[in-house]
């Protein structure tokens with residue numbers, strides 16, 4: 001914290017902080033306000049005497065209602081949840097095990113393998129979806145949740161592996177050696193000692209993986225086609241933008257409702273998450 | 001209770017560093033053996049090979065006649081205390097101590113009994129419910145010890161367990177460790193870089209350097225009859241003074257610039273050669289000019305720096321062209337730049353070969 005006179009603190013701390021928070025939260029406010037505005041207000045031209053972009057005088061739940069009744073939004077939410085959870089669990093499992101091996105086991109090419117995994121993470125999705133589409137067609141899993149559950153780990157596993165590898169390296173290896181002398185096998189030492197200590201790291205990797213798969217757009221757009229299979233980001237944009245007509249109210253309602261689970265997950269694990277990002281075990 | 005036998009033990013790492021070279025050691029039943037040496041001398045690697053944490057390149061380790069080379073750590077029936085304590089941060093003190101017993105499928109009552117017993121010995125009964133991060137350094141150290149002793153292992157291994165404590169606590173824990181060993185009567189191997197710890201704790205001390213054992217012996221044996229220049233310089237504080245001298249052609253005198261001493265019998269054969277003379281600071285005393293007996297083994301010099309420590313005074317001076325230290329009685333009044341006459345105790349002179357550095 002900056003020490004000094006009150007006004008200095010305001011000038012150098014609270015003011016920039018306030019502007020930062022304002023900038024961050026404005027899109028959410030915009031989403032909320034657009035959701036609640038009636039169409040009449042929403043499509044008012046800028047030179048109309050009652051033009052009011054930043055607030056609404058007659059809030060309405062019409063957009064939310066139409067989103068829930070006229071589209072398959074509930075199904076999309078369910079699909080997204082299922083796919084994000086499954087992809088996260090798969091990636092977390094592989095990432096934790098691979099990260100542990102890369103951080104702890106001494107084997108040939110360990111360093112090289114770590115770098116190779118990282119490089120796969122750098123291959124852009126917009127390039128990778130082309131060969132992946134071919135594979136998905138080959139295995140006949142297009143337009144099913146499996147198309148995403150099995151392709152999301154292609155970018156989630158490298159990510160989780162690297163995050164976990166870094167976290168495992170902060171845990172003193174004496175803890176594990178001590179456990180092994182105490183009578184634990186390598187596997188038991190990992191399960192009873194290392195994993196509980198690495199919990200903050202595992203949680204942050206999980207939250208990140210969940211968020212990434214929840215928001216993922218391009219794979220979902222390419223690999224799914226029937227409306228009842230879609231995820232929230234794809235469903236909302238493909239069903240509520242018809243030609244050049246944007247149903248802004250419902251679009252924003254979809255975005256708002258779609259971001260709630262992620263916000264919920266973050267707020268629930270925020271403490272672990274911060275510990276996981278800043279790392280390290282003491283004692 | 002166990003005997004540990006190490007034969008021709010070698011450790012080579014992948015990058016070709018040869019950390020431990022042909023180490024042979026016998027650690028007797030109930031003995032407390034300390035491995036000591038500067039960092040990188042291979043003492044910790046040796047200990048870790050006994051623990052099973054490091055693979056053995058060649059050689060053999062036996063615990064009670066059984067070759068343990070390929071046994072995993074858990075099957076060697078040993079306990080180890082680490083420098084950073086390695087307490088499990090997510091477990092209470094009780095669970096930390098009970099972990100090894102749980103892994104070995106001891107009954108709940110037996111576990112509770114043994115943990116209480118160990119806690120009583122170490123005086124940590126009131127800490128059992130706490131987490132490691134709520135403990136002070138000394139308390140953590142005790143818990144780490146407790147975790148080792150509840151197991152009733154055949155051998156204790158200590159890897160610089162006191163290095164993370166402050167000086168005062170270290171002295172206190174040193175005494176406690178010694179008492180603990182007397183009470184438990186378990187074979188122990190202790191690694192440290194601190195020669196004072198080695199001398200106070202060890203029944204026998206093993207001095208290592210560059211992966212080689214330099215000398216094995218009881219503390220006073222190492223101090224009184226060091227096998228070579230390295231051991232002589234490593235054991236004892238302040239360290240032994242070394243000065244290159246030449247033995248006169250008739251073999252009767254050892255001489256250096258401003259220094260001339262009668263050479264003892266054992267170096268007479270070296271007449272005309274250069275050897276290294278070793279003098280412990282405590283083998284020097286301030287000579288009163290009147291004493292005629294001192295005449296042929298004393299020398300004059302000027303005091304450089306005086307370090308009054310209270311129970312003794314360290315006098316720094318130059319002789320034979322090198323800086324030296326004398327440890328003198330606190331009653332002696334000396335100031336920097338004073339002229340002074342110092343006498344050597346002829347019984348406590350050490351001579352080392354100038355090339356091999358072995359004791360003569």
Seminar exercise, completed: Averaged over the residues of A:181-194, the number of partner chain Cβ atoms within 10 Å of each residue's own Cβ comes to 6
Problem set entry | Relative contact order for region A:1-93, counting Cα pairs under 8 Å that sit 6 or more residues apart, in percent | 19
Exercise. By counting other Cβ atoms within 10 Å of each Cβ, how are B:170, B:341 ranked from fewest to most?
Worked result: B:341, B:170
Exercise. Over chain A, what is the mean sequence separation of C-alpha contacts under 8 Å (at least six apart), divided by residue count, expressed as relative contact order in percent?
Worked result: 29
Exercise. Shielding of B:80-87 by partners, i.e. mean partner chain Cβ atoms within 10 Å per residue?
Worked result: 5
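Every read-out reported here was derived from the displayed coordinates using simple, explicitly stated rules and does not represent laboratory data. Please read all numbers here as calculations on a predicted model, not as lab measurements. Every residue, glycine among them, receives a Cβ derived from its backbone with ideal geometry; neighbour counts consider all protein chains shown.
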